[in-house]
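The values are calculated or read from the model by the stated rules, or taken from the named source; none is laboratory data. Here the structure is a predicted model, which means the values were calculated and not measured. Ideal geometry is used to build each Cβ from the backbone, glycine not excepted, and the neighbour counts take in all protein chains shown. These accessible areas exclude ligands, DNA and RNA; they are computed on the full protein's heavy atoms, side chains included. Shrake-Rupley method; radii C 1.70, N 1.55, O 1.52, S 1.80 Å.
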Amino acid sequence: AITQAMCTSFKKELLEAKHDFLLSGGDTFMLALYTSSATMSAATTAYTTTNEVSGTNYTAKGGALTRVNPTTSGTTAFTDFADLTFGTATVTARGCMIFNDTATGDPAVAVFDFGGDKTSTAGSFTITFPTADASNAVIRIA
């Protein structure tokens with residue numbers, strides 16, 4: 001099962017300055033898709049190929065994310081990503097993982113459950129990120 005969470009190891013790594021989310025010169029973050037057989041949660045520490053989807057126009061490690069520069073609103077700091085589309089893809093995914101492809105060991109940032117299998121057959125498989133604001137951004141520290 002996939003339990004949606006910001007990974008605990010990521011929270012610690014933020015305090016160790018292992019992740020750079022700046023749009024210019026920052027780290028490369030990836031989004032990998034996983035099947036319903038995947039087991040991921042807050043305890044997930046790094047990217048894995050175990051139960052990663054396979055299919056037409058999808059490669060291991062998934063796709064590179066375009067970062068939104070970190071900012072603040074009130075007492076909340078946040079960052080987000082632009083939507084990601086796997087074009088003309090034939091895949092079935094239950095969830096995904098965001099991880100840092102620049103850092104040693106591909107450390108996990110967060111895991112997400114889609115609430116059910118999502119399928120694309122020779123079409124666009126799009127991950128839509130929420131609005132980049134203090135209430136909705138995918139990464140928020142309040």
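Name the residue, out of Ala108, Ala82, that is modelled with pLDDT of 95 or more, among the aliphatic types (A, V, I, L, M) and touching a helix residue (DSSP H, G or I) at 6+ places or on another chain (Cβ under 8 Å).
Working: Ala82 fails: touching a helix residue (DSSP H, G or I) at 6+ places or on another chain (Cβ under 8 Å).
Among Ala108, Ala82, only Ala108 is modelled with pLDDT of 95 or more, among the aliphatic types (A, V, I, L, M) and touching a helix residue (DSSP H, G or I) at 6+ places or on another chain (Cβ under 8 Å).
Can you name every residue in segment 130-142 that is surrounded by fewer than 18 Cβ atoms within 10 Å (Cβ to Cβ) and farther than 19 Å from Lys18 by Cβ?
Correct list: Pro130, Thr131, Asp133, Ala134, Ser135, Asn136, Ala142.
Six or more apart or on different chains, Cβ under 6 Å: which pairs go from a residue in segment 31-58 that's farther than 17 Å from Gly105 by Cα and assigned to a strand (DSSP E or B) to one that's of a type in the set (Asp, Glu) and open to solvent by less than 40 Å² (accessible area, probe 1.4 Å)? Could you list them?
Pairs found: Tyr34/Glu52.
Taking the criterion of being modelled with pLDDT of 95 or more, within 19 Å of Thr8 (Cβ to Cβ) and in contact with a strand residue (DSSP E or B) (Cβ under 7 Å, 6 or more places away or on another chain), would at least one residue in segment 121-139 satisfy it?
So far as segment 121-139 goes, yes, one or more of its residues are modelled with pLDDT of 95 or more, within 19 Å of Thr8 (Cβ to Cβ) and in contact with a strand residue (DSSP E or B) (Cβ under 7 Å, 6 or more places away or on another chain).
In this structure, is Val68 within 22 Å of Asp20 (Cβ to Cβ) and either among the acidic types (Asp, Glu) or modelled with pLDDT under 95 (or both)? Before the answer, list the steps.
On the way: within 22 Å of Asp20 (Cβ to Cβ): yes; either among the acidic types (Asp, Glu) or modelled with pLDDT under 95 (or both): yes.
It is true that Val68 is within 22 Å of Asp20 (Cβ to Cβ) and either among the acidic types (Asp, Glu) or modelled with pLDDT under 95 (or both).
Could you tell me whether segment 114-134 includes any residue that is of a type in the set (Val, Ile, Thr), in contact with a Lys or Arg (Cβ under 9 Å, 6 or more places away or on another chain) and assigned to a strand (DSSP E or B)? Explain how you work it out, then say what you get.
So the first thing to find is which residues in segment 114-134 are of a type in the set (Val, Ile, Thr), and the list is 119, 121, 126-128, 131.
Checking the rest, the ones that are also in contact with a Lys or Arg (Cβ under 9 Å, 6 or more places away or on another chain) come to none.
The answer is no; no qualifying residue exists.
Considering only segment 20-45, state which residues are out of contact with any Ser or Thr (no Cβ under 6 Å at 6 or more places or on another chain) and open to solvent by less than 30 Å² (accessible area, probe 1.4 Å).
Gly26, Phe29, Met30, Leu31, Ala32, Leu33, Tyr34, Ala38, Met40, Thr44
Confirm whether Asn69 is of a type outside the set (Val, Ile, Thr), touching a Leu at 6+ places or on another chain (Cβ under 7 Å) and closer than 23 Å to Arg140 by Cβ.
Criteria met by Asn69.
Mind listing just one residue for me: the one in segment 69-127 that is aromatic (Phe, Trp, Tyr) and open to solvent by 30 Å² or more (accessible area, probe 1.4 Å) and, of those, nearest to Met40 (Cα to Cα)? Reasoning before the result, please.
Residues of segment 69-127 aromatic (Phe, Trp, Tyr): 78, 81, 86, 99, 112, 114, 125.
Cutting the leftovers down to open to solvent by 30 Å² or more (accessible area, probe 1.4 Å) gives us 112, 114.
Values: Phe112: 9, Phe114: 13 Å.
Among residues in segment 69-127 that are aromatic (Phe, Trp, Tyr) and open to solvent by 30 Å² or more (accessible area, probe 1.4 Å), the one nearest to Met40 (Cα to Cα) is Phe112.
Scanning segment 1-19 for residues that are of a type in the set (Ser, Thr, Tyr) and outside any loop (DSSP other than H, G, I, E, B), which turns out least open to solvent (accessible area, probe 1.4 Å)?
In the first step, residues of segment 1-19 are kept if they are of a type in the set (Ser, Thr, Tyr); the result is 3, 8-9.
Imposing the further condition that a residue be outside any loop (DSSP other than H, G, I, E, B) reduces the set to 8-9.
On the way: Thr8: 81, Ser9: 28 Å².
Going through the qualifying residues, I end up with Ser9.
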